[in-house]
């Protein structure tokens, strides 16, 4: 089959790799000049190597626990499995290279414009290349174009809620093994040791993210550096269309509390490629797997934050948590 994939990030590239390995003609369209998502902490569990061959050079540091600072208590939890601090742009390029070696073709600086059907049941797309536009037809079309997916919007799928992530790197070496977390009203701030550098960031309601981050940094006398930002989805946004499917952030596949989407996105892409070309079967399978996890994770988050702020004595001092949230 001829497959078009919109978006050349890690989820789009992984989908391309698996489908190309299965013998399909795969074309990936990415509006940027090269793969590599800068706006991501790259704190990913070692389950990443369940999806792609291990490459140790991508790992900057390893984290085995987190410290959550509530107003009157510090709670420590251990990650199982351990978390890897990965160079995220390099990881994206690595997976894209794997996809190319499997036979997928990548087209950079090619921006998706519109999806439509004309005298055919198959999806056709218009792709912008500079000032020119070309039209192509595919047997199947996959949207891996991020949280603000244009393909999702044009497929009339309800968008998920969003949060805004901001962060920066500080040239301060840290070999600490714990990430530090400060809960906010609708999100949290963090400090991640990355070995040769330290990262500060926040994930919060877009209306207050910048204000809360400035307040957080001022309190700790941390000077802000060049910021990166990212829109993070919160809630599933799957489609049950026959010829079009969504994966990764475009499908809202991000952990509800942390916003991390790499492992969830890859798991969803794995489901899609295993059920290909039956996109409706993929939708049902992904919904059965992720919907309960989204629900229970949100409940756990609310209960945990409420108890931590109001009844800290009821919260254990230390416990073990699945790195990918009840995966």
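The values are calculated or read from the model by the stated rules, or taken from the named source; none is laboratory data. Being a predicted model, the structure only gives us computed values, none of them experimental. Ideal geometry is used to build each Cβ from the backbone, glycine not excepted, and the neighbour counts take in all protein chains shown.
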- Query: Scanning region 40-56 for residues that are surrounded by fewer than 19 Cβ atoms within 10 Å (Cβ to Cβ) and under 19 Å from residue 193 (Cβ atoms), which turns out farthest from the chain's Cα centre (by Cα)?
  - Reply: 56
- Note on the structure: If we keep only residues of region 244-258 that are in a loop (DSSP other than H, G, I, E, B) and at pLDDT 95 or above, then the residue surrounded by the fewest Cβ atoms within 10 Å (Cβ to Cβ) is 253
- Task: Check 125, 208 and return the single one that is touching a residue at least 60 places away in the same chain (Cβ under 8 Å) and either touching a helix residue (DSSP H, G or I) at 6+ places or on another chain (Cβ under 9 Å) or more than 25 Å from residue 34 (Cβ to Cβ) (or both).
- Result: 125
- Message: For region 7-112, give me every one of the strands (runs of 3 or more DSSP E) that falls completely inside it and has 3 or more residues that are closer than 26 Å to residue 279 by Cα.
- Response: 25-30, 105-108
- Message: Could you tell me how many of the residues in region 276-307 are in contact with a helix residue (DSSP H, G or I) (Cβ under 6 Å, 6 or more places away or on another chain) and in contact (Cβ under 8 Å) with a residue 12 or more places away in the chain?
- Response: 3
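Conditions (1) more than 22 Å from the chain's Cα centre (by Cα); (2) surrounded by fewer than 15 Cβ atoms within 10 Å (Cβ to Cβ), marked per residue:
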site: 260; (1), (2): no, no
site: 268; (1), (2): no, no
site: 275; (1), (2): no, no
site: 291; (1), (2): no, yes
site: 303; (1), (2): yes, yes
site: 307; (1), (2): yes, no
site: 314; (1), (2): yes, yes
site: 323; (1), (2): no, no
- Message: Quick check on region 113-143: of everything there that is modelled with pLDDT of 95 or more and assigned to a loop (DSSP other than H, G, I, E, B), which residue is surrounded by the most Cβ atoms within 10 Å (Cβ to Cβ)?
- Response: 138
- Query: Is it the case that region 193-201 has a residue that's under 21 Å from the mean Cα position of the chain (by Cα), buried (at least 21 other Cβ atoms within 10 Å of the Cβ), free of Cβ contacts under 8 Å to residues at least 60 places away in the same chain and closer than 24 Å to residue 305 by Cα?
  - Reply: yes
- Of all residues in region 202-229, which are within 19 Å of the chain's Cα centre (by Cα) and surrounded by fewer than 20 Cβ atoms within 10 Å (Cβ to Cβ)? 205, 206, 227, 228, 229
- Task: Identify all residues within region 20-39 that are touching a helix residue (DSSP H, G or I) at 6+ places or on another chain (Cβ under 6 Å) and surrounded by 24 or more Cβ atoms within 10 Å (Cβ to Cβ); write none if there are none.
- Result: 26, 28, 35
- region 1-14, subset in contact with a strand residue (DSSP E or B) (Cβ under 6 Å, 6 or more places away or on another chain) and crowded, with 21+ Cβ neighbours inside 10 Å, residue farthest from residue 227 (Cα to Cα): 3
- Item | Odd one out for residue 232, checked against (1) assigned to a strand (DSSP E or B); (2) surrounded by fewer than 15 Cβ atoms within 10 Å (Cβ to Cβ) | (2)
- Note on the structure: residue 6 vs (1) at positive phi; (2) within 19 Å of the chain's Cα centre (by Cα): all pass except (1)
